[in-house]
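**Student:** Following this message is one structure expressed as structure tokens.
The values are calculated or read from the model by the stated rules, or taken from the named source; none is laboratory data. Values in this document were obtained by computation on a predicted structure and should not be read as measured data. Cβ sites come from the backbone with ideal geometry, for glycine too, and all protein chains shown count toward neighbours. The area values use the complete protein model at the heavy-atom level, side chains included, leaving out ligands, DNA and RNA. Shrake-Rupley method; radii C 1.70, N 1.55, O 1.52, S 1.80 Å.
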Amino acid sequence: MKKTDKPWKFYYWGPLLYHCIVSKEDIKKLRKLIYKKKYYNHNLAGDIKEQHAIVHGERVEFTQIIQPYLEGFASAYKHFYSFSIDRKLHIELDDLWVNFMKAGESNPLHVHKNCEWSSVLYLDVPNPLIKEQKAFKGTGVGPGGICFLTGTEQPNFITFNKYMPQTGEFFIFPKTLYHYVASFKSKCTRISMAANFSITNIKIN
């Protein structure tokens, strides 16, 4: 990680699963971009009533706000795949939408299409849901949690990662990485932004 990067990490298993924390200031800026205008449910796998595409100038603003975190992703990408550090990655936004997830809703096991990389950024994980997560005693992913899977369980293999995410967490992962989101019971709204990206070019600076 370079000194100029936002802090980031990845997980030691099959694919690159990038993780970082978006600052509170940037979360506030991103929340100003979301609105309920264009339903996007017909393009998505989620059993979520409120899923809305983000279009026009808001997409440009989104890219500008998350640019420092994409630079961290580029560093992680080059480290994970052993690319020369002087290679420049051009990361292009393909699609952007927001999920307003409520009690009883969920997102089934799925992958993304028409991109190379997918992501999820948590804009608001409310306190009632956090309390429900802390009270959870099972072995599953937990209420409102996300699980990433690479295949069936095998001895000495790490085939899944599960998280009960908090506000500000940002994950980027390959489009073909299976993932799902568990439902919750709390009477609140969990807000996340999902974006698809492509790496359009890799060249020497």
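**Student:** Mind running the shape call on the stretch 8-71? Use the C-alpha gyration tensor, a ≥ b ≥ c as the square roots of the eigenvalues: rounded below 1.5 for a/c, prolate if a/b tops b/c, oblate otherwise.
**Tutor:** Details: a/c = 2.33, a/b = 1.28, b/c = 1.82.
The shape class here is oblate.
**Student:** Moving on to the next point. May I ask you to list the aspartates and glutamates whose Cα is less than 12 Å away from that of Lys78, ignoring any residue fewer than eight positions away on the same chain?
**Tutor:** Asp86
**Student:** Could you give the alpha-carbon Rg of the stretch 30-108 over 2.2 N^0.38 Å, rounded to two decimals?
**Tutor:** Values: Rg = 15.9 Å, N = 79, 2.2 N^0.38 = 11.6 Å.
Cα Rg divided by the expected 2.2 N^0.38 Å: 1.38.
**Student:** Sticking with this one: Could you work out the percent of alpha carbon pairs in the stretch 121-205 separated by over 19 Å, rounded to a whole number?
**Tutor:** Summing the P(r) tail past 19 Å for the stretch 121-205 gives 48 percent.
**Student:** Can you give the Kirkwood hydrodynamic radius of the stretch 62-160 from its Cα pairs, in Å with one decimal? Please list the in-between numbers first.
**Tutor:** Numbers: mean 1/r = 0.0586 Å⁻¹.
Every distinct Cα pair counted, the radius reaches 17.1 Å.
**Student:** Go through the stretch 95-102 residue by residue and turn each phi into a ³J(HN,Hα) via Karplus (6.51, -1.76, 1.60, θ = phi - 60°); whole Hz please, and just put x for glycine and proline.
**Tutor:** Couplings: 7, 8, 8, 10, 10, 9, 8, 10 Hz.
**Student:** Peptides 91-97, 17-23: what's the order by average Cβ count within 10 Å, highest mean first?
**Tutor:** 17-23, 91-97
**Student:** Find how much the distance from Ser106 to Glu153 grows on full extension, using 0.36 nm per residue of separation minus their present alpha carbon separation; answer in nm with one decimal.
**Tutor:** Answer, rounded to one decimal: 14.6 nm.
**Student:** If you add up the charges near Cys188, with Lys and Arg at +1 and Asp and Glu at -1, over every other residue whose beta carbon is less than 15 angstrom from its beta carbon, what do you get?
**Tutor:** On the way: positive: Lys49, Lys102, Lys131, Lys134, Lys185, Lys187, Arg190; negative: Glu50, Glu105, Asp124, Glu132.
So the surrounding residues net to +3.
**Student:** Shifting gears a bit: Accessible area per residue for the chain in Å², computed with a 1.4 Å probe and the full protein assembly in place, what is it?
**Tutor:** Details: 11000 Å² over 205 residues.
Counting only protein heavy atoms, the per-residue value for the chain is 54 Å².
**Student:** Right, another one. If you wrap a convex hull around the alpha carbons of the chain, what volume per residue comes out, as a whole number of Å³? Spell out each step's value before the answer.
**Tutor:** Values: hull volume 26.8 nm³, N = 205.
So the per-residue Cα hull volume is 131 Å³.
**Student:** If Lys102, Lys187 are ordered by their accessible area, calculated over protein heavy atoms with a 1.4 Å probe, which sequence runs from highest to lowest? Walk me through the numbers before you get to the answer.
**Tutor:** Details: Lys102 70, Lys187 185 Å².
Descending accessible area places them as Lys187, Lys102.
**Student:** Normalised by the residues of the chain, what does the relative contact order come to in percent, with Cα pairs under 8 Å and at least six apart? Walk me through the numbers before you get to the answer.
**Tutor:** Details: 430 pairs, mean separation 63.0, N = 205.
Contact order relative to length: 31 percent.
**Student:** Could you list which residues have their amide H under 5 Å from that of Asp94, counting only those 5 or more apart in sequence or on another chain, with H placed in the peptide plane?
**Tutor:** Asn196, Phe197, Ser198
**Student:** Take Tyr39, project a point 7 Å from its Cα along the Cβ direction, then tell me which residues of the stretch 54-74 have their backbone nitrogen under 18 Å from it.
**Tutor:** What the label zone holds, given the 18 Å backbone N cut-off, is 54-55.
**Student:** Give me the aspartates and glutamates in straight-line cross-link reach of Lys113: C-alpha distance below 13 Å, same-chain residues under 8 apart excluded.
**Tutor:** Here the aspartates and glutamates satisfying the reach criterion relative to Lys113 are Asp94, Asp95.
**Student:** On the protein heavy atoms, probe 1.4 angstrom, tell me the percent of accessible surface of the chain carried by carbon and sulfur.
**Tutor:** That fraction is 53 percent.
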